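Participant: Below you will find the structure I want to go over with you.
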Amino acid sequence: MPEHEADGQLATPTHEVRDFLHRRREQIAQRWADEPLFRTVFTVSRDEAVEAGKVVVDALAQVADSDQVEDPDSAGFSGVREQLARMGVARSRAGLSNTQVSSELAALRPPVENLLAADLEQAPPEHLRACSTTLTVLMGTLRLVAMQTALSEWQALSDRQRLQLMEVATPVIRLWDGIVAVPLIGTLDSARSQVVMETLLDAVVDQHARFAILDITGVPTVDSLVAQHLMKTVAAARLMGAQCIVSGIRPAIAQTIVHLGLDLDVITRANLADALGYALHQLGADIVNAGAGQR
């Protein structure tokens, strides 16, 4: 039966929903535990899924109490955002699309609506409709919060994976004592250029390198921004006590650099082998052709 305010009047729809959520907390959580969103995420035990459901019900009750059922930024949702994000990401990793995850979130509403209808069976029809509408809006806001949070988590995960891929795609090779090289392949953007700089500087320190070769043979284009990043990398290496050599500047890239009027204050060589030969010469370790003089 519906709760009554102190003056004998029916509670407002939001407070009615709040009181209903408190009363039926256990039953709602039990029903949610059998829904795919909870059942397939909390697999250790059903009790785990029930407890997770209770936390979400408590958050909904707090939002209803604040009369902010339409506000996804309501403080009541703050305590469950992390849990909702984990659930959404877990279902996504299981192969579900965003639409399917959204459908699983929508499936949480009917069990709650059925319980509310049973609770307010004797209430005036208009009061039941108002409470049902409030609950529908509240559950819709929960769905929105869950999707927004999950999307943010997916984006953060994607960014981390992208950074890891860039690190893997930017290896530092020790060519000789005191000589390291970074063979760059593919497009250089600001993010990857930053990874190149950090990776190279770490290698200079770890290897006590005196020469660092940036080989851009596999870089299709160089614009002013990429050139600026390269120059920053060269300058940073100098501050660490290493001299940079840029190799693999192809004719098209050379023309672009000249057209842009860029001043590459750095030693350049046609290819990686020439750059290595220069660095070895500077170290006093000239390469001798073992086959020289043989017939």
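The values are calculated or read from the model by the stated rules, or taken from the named source; none is laboratory data. A quick note: this is a predicted structure, and the numbers were derived from the prediction, not measured. Neighbour counts are summed over all protein chains in view; Cβ atoms, including those assigned to glycine, are modelled from backbone coordinates with ideal geometry. Quick note on the areas: whole protein, heavy atoms, side chains included, nothing else; ligands and nucleic acids left out. Shrake-Rupley method; radii C 1.70, N 1.55, O 1.52, S 1.80 Å.
Participant: What nm value, rounded to one decimal, do you get for the distance between D263 and N114 when each label is placed 7 Å out toward the C-beta?
Facilitator: Roughly 7.8 nm, to one decimal.
Participant: What percentage of the solvent-accessible surface of segment 23-170, computed with a 1.4 Å probe over protein heavy atoms, is contributed by carbon and sulfur atoms? Each step should come with its number before you reach the end.
Facilitator: Values: 3680 of 7460 Å².
Of all accessible area on segment 23-170, carbon and sulfur atoms account for 49 percent.
Participant: Please list, in chain and number order, the residues 5+ apart from T217 or on another chain whose amide H is under 5 Å from its amide H, with Hs placed from the backbone.
Facilitator: L184
Participant: Taking the Cα-to-Cβ direction at D71 and at V55 and moving 7 Å from each Cα, how far apart do the two end points lie in nm?
Facilitator: Spacing of the two 7 Å Cα→Cβ label points: 2.4 nm.
Participant: While we're here: Extension gain Q255-L144, at 0.36 nm per residue separation less the Cα-Cα distance, in nm?
Facilitator: Values: separation 111, 0.36 × 111 = 39.96 nm, distance 5.17 nm.
Between Q255 and L144, full extension yields 34.8 nm more.
Participant: Which percent, nearest 5, of DSSP beta bridges in segment 112-215 are antiparallel? List each step's numbers first, then the result.
Facilitator: Working: 3 of 8 bridges.
Bridges in segment 112-215 are about 40 percent antiparallel.
Participant: Quick one: length gained pulling E121 to A285 fully straight, 0.36 nm per residue minus the C-alpha distance? Please report the intermediate quantities before stating the final value.
Facilitator: Details: separation 164, 0.36 × 164 = 59.04 nm, distance 9.25 nm.
Result for the pair: 49.8 nm of gain on full extension.
Participant: Also, I was wondering about something else. Ordered by packing density, taken as the mean number of other Cβ atoms within 10 Å over each peptide's residues, highest first, how do 276-284, 16-24 rank?
Facilitator: Values: 276-284: 15.8, 16-24: 21.1.
Ranked by mean Cβ neighbours within 10 Å, highest first: 16-24, 276-284.
Participant: How much of the accessible area of segment 186-227, in percent, comes from carbon and sulfur atoms when a 1.4 Å probe is used?
Facilitator: On the way: 960 of 1800 Å².
Within segment 186-227, the accessible surface is 53 percent carbon and sulfur.
Participant: Can you compute the charge dipole magnitude of segment 60-114 about its Cα centre, using +1 on each Lys and Arg Cβ and -1 on each Asp and Glu Cβ, nothing else charged? Give it in debye, rounded to the nearest 20.
Facilitator: Numbers: 5 positive and 8 negative charges, 99 e Å.
Rounded to the nearest 20 debye, it is 480 debye.
Participant: May I ask you to give the solvent-accessible area per residue for the chain, in square angstrom, as obtained with a 1.4 angstrom probe?
Facilitator: On the way: 15560 Å² over 295 residues.
With all protein chains present, the chain gives 53 Å² per residue.
Participant: Evaluate the distance, in nm, between pseudo-label points positioned 7 Å from the Cα of S152 and of A235 along their respective Cα→Cβ axes.
Facilitator: Label-label distance for S152 and A235, simple model: 3.6 nm.
Participant: Suppose every Lys and Arg Cβ carries +1 and every Asp and Glu Cβ carries -1, with no other charges. What dipole size does the chain come out with about its Cα centre, to the nearest 20 debye? Don't skip to the answer; put the middle values down first.
Facilitator: Details: 25 positive and 37 negative charges, 315 e Å.
Approximately 1520 debye in magnitude.
Participant: Give, in nm to one decimal, the length gained when the segment between A94 and L225 is fully stretched (0.36 nm per residue of separation minus the Cα-Cα distance). Could the numbers behind the result be given before it?
Facilitator: Values: separation 131, 0.36 × 131 = 47.16 nm, distance 3.97 nm.
Contour length minus Cα-Cα distance gives 43.2 nm.
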